[in-house]
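The values are calculated or read from the model by the stated rules, or taken from the named source; none is laboratory data. This is a predicted model, so every value here is computed, not measured. Glycine also receives a Cβ, built like all others from the backbone with ideal geometry; neighbour counts cover every protein chain displayed.
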């Protein structure tokens, strides 16, 4: 459904622009409709000019620039290039389920410091934490599991799910 200016509105299909911001409060909804439209327009095209964004939402270019800067500074969004890891030299991706004991938040913080981990989440269910990692090869994966993940105090068990093919990857959930 288009916005008042004919651009795609919240809820329509989008292309990826980045990832969830670490530490953001779940359910954050402190955005007005214009900020929501800006987020979604940038999800569709992270390289959209301030002039084009301004035209789409009906504000001045300076006002849009200020709003986008605030959204970035407050951690509401990131604007990044998303790649298929295999095309840039990373042949092994995996999801690791972790069972742990003790302070899960402290364990998650230690895991989040590992540069190979792209995603760290506390969860409910069979695992206490899930981490997604991207490695150059199986040897790096083995080293990461043995020397960096399994040796963190409180981690008692891991299960690794190796990706065979990336079929779909989007970050298009909008702002609802």
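Some values worked out for this structure:
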| item | result |
| --- | --- |
| Residues (without any contact (Cβ under 8 Å) to a residue 24 or more places away in the chain and either surrounded by 14 or more Cβ atoms within 10 Å (Cβ to Cβ) or in a helix (DSSP H, G or I) (or both)) located in the range 48-69 | 48, 50, 51, 52, 53, 54, 61, 62, 63, 65, 66, 69 |
| In the range 94-138, residue surrounded by the most Cβ atoms within 10 Å (Cβ to Cβ) [restricted to those that are assigned to a strand (DSSP E or B) and over 20 Å from the mean Cα position of the chain (by Cα)] | 100 |
| Members of the range 77-93 that are out of contact with any strand residue (DSSP E or B) (no Cβ under 6 Å at 6 or more places or on another chain) and assigned to a strand (DSSP E or B) | none |
| Members of the range 94-121 that are out of contact with any strand residue (DSSP E or B) (no Cβ under 6 Å at 6 or more places or on another chain) and free of Cβ contacts under 8 Å to residues at least 40 places away in the same chain | 105, 109, 113, 114, 115 |
| Residue ID - nearest to residue 66 (Cα to Cα), chosen from residues in the range 30-47 that are outside any helix (DSSP H, G or I) and in contact (Cβ under 8 Å) with a residue 12 or more places away in the chain | 31 |
| Output for the range 139-173, where each listed residue is out of contact with any strand residue (DSSP E or B) (no Cβ under 8 Å at 6 or more places or on another chain), in a helix (DSSP H, G or I) and farther than 30 Å from residue 77 by Cβ | 139, 142, 143, 146, 147 |
| Filter result (at positive phi and at pLDDT below 50) within the range 19-59 | 23, 27 |
| Options 46, 102, 89; residue that is farther than 19 Å from residue 130 by Cβ and assigned by TED's automatic domain parsing to the domain that holds residue 148 | 89 |
